[in-house]
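First comes the structure, then the notes that go with it.
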Amino acid sequence: MSQGVNITIKAQVVGDYTEAEGVANADAHINVDQALSFLTGAGVNQADTLVTQQVALGPSGTETLDLASGLTDALNNAAAFARVKAILLINTTPASAVGAGIILAGGASDPFVGPLGGTGPTVTANPGGGIVLLAAPDAAAWAVASGSACNVTLTNKSAVYGVTGTLVILGSAE
């Protein structure tokens, strides 16, 4: 059985930035919009594997995911990545849980560094709807290597609050 991909990833900032000074008002309208569309395949703007996962970590909790094996795709099939094209992490923990960020990092062993680069880099989705979106639509994308560059870790920054969220990973098995 083969899966087909028709996915659009979109980042958008729309709104007004205003300033009132005396009798004059200044207004700047912003509309920044970027969309990436992916169809089935392994080349530029192509993917064939989609993993979506709910995140639930207790205080100081950690979860390690092996991108090369042991995952389940959005249709409940076994999934493995050779290349990652996009990562979306959304923290749905209420904003009142101050400090309850979800940290995305390479694993302690066999770390997938992908878009993070360097030694020990991380990105954090803060509580209250914090979003991390990373995308590489090119054919090379971010390589996953079983046994050497395949593990990502999700960690709860808070020792007090649990965290919840959603993780979406799009990529190709080839």
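Shown for segment 8-62 is the translational diffusion coefficient from the Stokes-Einstein equation, using the Kirkwood radius over Cα pairs, a temperature of 4 °C and a viscosity of 1.567 mPa s: 81 µm²/s. Based on the Kirkwood approach, the hydrodynamic radius assigned to segment 69-121 is 13.8 Å, with every pair of different Cα atoms included. Residues of segment 80-102 falling in the label zone of D138, defined by backbone nitrogen less than 18 Å from a point 7 Å along Cα to beta-carbon, are 82-87. Here the peptides 38-45, 97-104 are ranked by packing, the mean other Cβ count within 10 Å, and the order with the highest first is 97-104, 38-45. In terms of overall dimensions, the C-alpha atoms belonging to segment 95-174 reach 42, 25, 20 Å along their principal axes, ordered largest to smallest.
Rounded to the nearest 20 debye, the dipole size of the chain about its Cα centre is 380 debye, using +1 on the Cβ of Lys and Arg and -1 on the Cβ of Asp and Glu. Computed log10 I(q)/I(0) for segment 39-108 at 0.12, 0.20, 0.23 Å⁻¹: -0.42, -0.98, -1.16, from the Debye equation with unit scatterers placed on every C-alpha and solvent omitted. The shape of segment 25-174 can be summarised by an equivalent ellipsoid whose semi-axes, obtained from the alpha carbon gyration tensor, come to 25, 22, 14 Å from longest to shortest.
The H on the amide N of A68, modeled in the peptide plane, is under 5 Å from the matching H of F81, each at least 5 residues off or on a different chain. Summary value for segment 31-174: 41 percent relative contact order, contacts being C-alpha pairs under 8 angstrom separated by 6+ residues.
Protection proxy ranking of 65-77, 161-173, by the mean of other Cβ atoms within 10 Å over each peptide's residues and highest first, is 161-173, 65-77. Taking the centroid of alpha carbons for each part, segment 130-174 and segment 17-94 are 9 Å apart.
Computed from the coordinates by the stated procedures, all read-outs in this text should not be read as laboratory data. Bear in mind the structure is a predicted one, so any value in this text is a computation, not a measurement. Quick reminder, even Gly has a Cβ in these numbers, built from the backbone with ideal geometry, and neighbours come from all protein chains shown.
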